[in-house]
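The values are calculated or read from the model by the stated rules, or taken from the named source; none is laboratory data. Just so you know, these numbers come straight off a predicted model, no measurement behind them. Using ideal geometry, Cβ is built from the backbone for each residue, glycine included, and neighbour counts are taken over all protein chains shown.
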Amino acid sequence: MTGETDFLEYLADAGLSWFTPPATDSSGLKWATAGFTDVALNLIKCLNGLFIPVIYNSDKLKYHINFCAPEYFQYGNELVIGYAPWEFTKLPQRKIINLNRCDAVWATSTFVRDVYIKNGVQHDVQVLPHGVSKDWDIKDREILGDFYFLLDNGGDIFTDVVYDTIETFLDSDLPDGVKLVVKTTRSLRNVIEHPNVVYVSDFLSYEKYRELYYKSHCMLYPCNGEGFGLVPFHAVATGMPTITTHLTGCADYSDHTICWPHTWEEAIPKVDDGSTLYEDDLGLWIVPDYAALPEILHDTVENYADLKRNAIQSARILRSSATWDQITDSMISLLQKI
């Protein structure tokens with residue numbers, strides 16, 4: 001196989017093996033986030049569009065891609081690829097061992113690549129980011145009544161940032177017509193009741209979830225670190241002004257978001273029930289600077305027309321270079337180089 005066409009023909013004939021655990025694994029344990037599944041399905045759909053069959057976790061095929069946490073990686077194929085995000089500055093030894101067992105390692109952002117290399121992953125780690133779905137359109141949002149900030153917490157692993165952001169929003173002395181919509185995948189442990197805060201914890205169909213983005217005016221995204229940050233990335237891709245960190249995975253598209261300063265602190269990740277997610281030394285993670293948020297919120301409301309114009313231009317830029325089809329083309333090029 002000397003050229004790209006020959007390699008595509010080979011893949012179309014031989015297929016690829018892929019492993020991403022389902023949202024509920026064989027033990028009955030429910031994953032805290034379906035983010036891996038969403039990305040995997042988008043990439044597999046694009047591969048199928050190129051007539052490349054994707055087989056679930058088959059050791060009979062030459063190429064096998066693991067897209068999941070390294071603890072779940074599957075081995076046994078001739079060429080095994082480990083593809084995984086990460087949010088902290090240190091990596092547990094078990095993850096390093098499993099990444100080094102692979103024949104190639106891909107990271108979701110420049111930040112993740114650098115963390116892997118710094119922590120002893122012995123590969124020329126390549127960055128394969130995430131993409132934009134074609135059926136999410138650019139919207140020119142109008143303010144016809146209330147102004148809606150959308151806080152979409154994604155996977156709901158860490159909820160302290162959600163509570164603290166809601167409290168800061170309510171303490172920001174915003175006009176009464178400014179509302180905060182809080183989207184979670186399950187009900188929060190504690191709910192701060194206020195007429196200007198709307199909670200959406202129900203499962204939404206794909207169409208209704210997309211419509212929630214279209215009807216919101218600005219994304220407000222706090223986090224403790226991102227391997228990539230698909231939630232704010234997709235918000236920008238619809239032309240929505242997006243307030244988020246310019247650190248970790250979000251740094252790769254920081255030119256297109258409104259900076260919410262975050263600071264580095266010792267990583268002690270606790271889940272909603274108060275238990276610690278990892279017992280390992282994870283180094284540092286990021287924490288939102290809540291004192292800076294009120295000014296950012298006021299500036300967003302007061303200068304929305306300009307910010308919206310910039311966001312629409314950013315959406316056009318992202319869509320010209322980061323569709324899932326383009327990410328899939330990059331993935332195939334990386335496979336060919338192994």
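Quick notes on this one:
- Candidates Gly76, Gly82, Gly120: the one that is in the same structural domain as Ser333 (by TED's automatic domain parsing), modelled with pLDDT under 95 and of a type in the set (Gly, Ala, Ser) is Gly76.
- Residues in the stretch 106-160 that are closer than 30 Å to Ile192 by Cα and not hydroxyl-bearing (Ser, Thr, Tyr): 18 in all.
- Within the stretch 284-309, the residues that satisfy the criterion of being touching a residue at least 12 places away in the same chain (Cβ under 8 Å), closer than 21 Å to Pro222 by Cβ and not β-branched (Val, Ile, Thr) are Leu284, Trp285, Pro288, Asp289, Tyr290, Ala292, Leu293, Pro294, Leu297, His298, Tyr304, Leu307.
- Inclusion of Asp202 among residues that are more than 19 Å from the chain's Cα centre (by Cα), among the acidic types (Asp, Glu) and modelled with pLDDT of 85 or more is not warranted.
- First in the stretch 52-71 and in contact (Cβ under 8 Å) with a residue 24 or more places away in the chain and closer than 16 Å to Gly227 by Cα, second anywhere and of a type in the set (D, E, K, R) and not in a loop (DSSP other than H, G, I, E, B), Cβ under 8 Å, 6 or more apart: Ala69/Lys95; Pro70/Arg94; Pro70/Lys95
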